[in-house]
Amino acid sequence: MKILLTGATGFIGQHLLSALLAEGHEIVACVRQPARWQTRFPKVNWISCDYKQDHEPEVWLPRLCNIDIVINAVGIIRETRGQRFDDLHTYAPIALFQAAEQVGIRKIIQISALGTDDEAESAYHLSKRAADEALLGLNVEAVILQPSIVIGRGGGSTILFSALAALPWIPLIGQGEQRLQPIAIEEVKACVLALLHDWPDNSQRLEMVGAEAVTFSQLLVDIRTWLGLRPTATWPIPISLMRLFAKINDWIGIGPLTSESLAMLERGNCGDPAPLRAVTGVKPRTVEASLQNSPASRADLEQAQLFFLRPLLRLSIGFLWLFTGIVSAFLYPVDESYELLAAAGISGIWAPFMLYFSSALDGLLGIATLIGYRIRLVVGLQLLLMVGYTVIISWALPDLWLHPFGAITKNIPLIAATLMMLVFEKKAF
């Protein structure tokens, strides 16, 4: 069959893409940067689309030529400057569904989310629910899959929970009694493939959940065991404090913790796996069984242990540059700064210019690093300055190589740390 797949570069989308290709289906994938993915999946017909703007059915009609089935797997867990829930979860999918109805496509799979029901309150759930309801109102045979937390390598939830489980003490939200019912990504793929082989007679809403519910605390313990780490104590964090952290992170934007995601976790994430099994024949497993089916590698453990060090590295490097700029301009004795500049051949009117220009540049680079602005350009400038400072000081003041406080030698690990930051931040920015 010829299948149009949206969200093909996301966690669920990529897994579906590989599974569909393995089954011999012809795939048309709509993404923002087709050229980036063409070499990785050359058998896929990658076409350009913009979910922020493609909100009219007419835009989607040309993309649906000879398509048999539409699968919408577009989804984000938090909003950014360029990605809004309504655009990606509501307006673009509805336009796609309406276009599919117009050209006679009757089979549509919508990857929604567990919790998109009458009690939905979060912007995430409400945006998904709006598309679900619009789809059910069309003259098509729709299957709306509502996955709980999906467990699998590369998944945002799995990465976050692994990072929490790998800490010296496992942090819990309150007492960690929130109930969850994760499902493995392998079972999500199996369900979609089963639907393609045997499409149900009527439109369906199917909760995609594991065999049993577990508490948040037990989930982290299971993942810690999966990572091969020894048992450790738990650290309950008061709900009020977690809500404060979430509000702060609403503004800072580091990681998936937001006021909305915390509220969704507090609500719980459980469902009934029986209807899913009845329609697809797929029997979901427990979290423990799913993890055992895919043993953790050393790379999984290292990724978990580095998760929280990545933002810490960026923040510490940014603080260093900002602090250096402030100290150079306002706190360090100006006369001594001029003496150092004179030793490097900079004096007269050029001395104050170089002092305050370099201080301002250091401060701006520090601020840019802290907020993650144009991180590749910022890192390039930082490396250029550090190498330049090192060369100039080595030529003008070589004695500083022997300074007990490491006036120059500290640049060596700082350069290495900056390169590591670039690798860590490459995907995030």
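Computed values, structure above
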read-out	value
Residue in region 305-314 that is farther than 30 Å from Gly366 by Cβ and without any contact (Cβ under 8 Å) to a residue 60 or more places away in the chain present	no
Residue within region 273-295 that is closer than 22 Å to Leu370 by Cα and modelled with pLDDT of 90 or more present	no
Failed item in (1) surrounded by fewer than 20 Cβ atoms within 10 Å (Cβ to Cβ); (2) modelled with pLDDT under 95; (3) in contact with a Phe, Trp or Tyr (Cβ under 8 Å, 6 or more places away or on another chain), with Gln175 passing the rest	(3)
Filter pass, Leu301 being exposed (fewer than 15 other Cβ atoms within 10 Å of the Cβ) and outside any loop (DSSP other than H, G, I, E, B)	no
Selection from region 232-250 of residues that are in contact with a helix residue (DSSP H, G or I) (Cβ under 7 Å, 6 or more places away or on another chain) and not polar (S, T, N, Q)	Met242, Arg243, Ala246, Lys247, Asp250
Helices (runs of 4 or more DSSP H) completely within region 120-213 that count 2 or more residues being of a type outside the set (A, V, I, L, M, F, W, C), in contact (Cβ under 8 Å) with a residue 24 or more places away in the chain and farther than 22 Å from Leu20 by Cβ	123-136, 156-165
Residue identified as in contact with a Gly (Cβ under 6 Å, 6 or more places away or on another chain), within 25 Å of Leu196 (Cα to Cα) and touching a residue at least 24 places away in the same chain (Cβ under 8 Å) among Val103, Val28, Val74, Val70	Val74
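The values are calculated or read from the model by the stated rules, or taken from the named source; none is laboratory data. Just so we're clear, the structure is a prediction, and the values are computed from it rather than from any experiment. Heads up, the Cβs are rebuilt from the backbone with ideal geometry, glycines too, and the neighbour counts pull from every protein chain shown.
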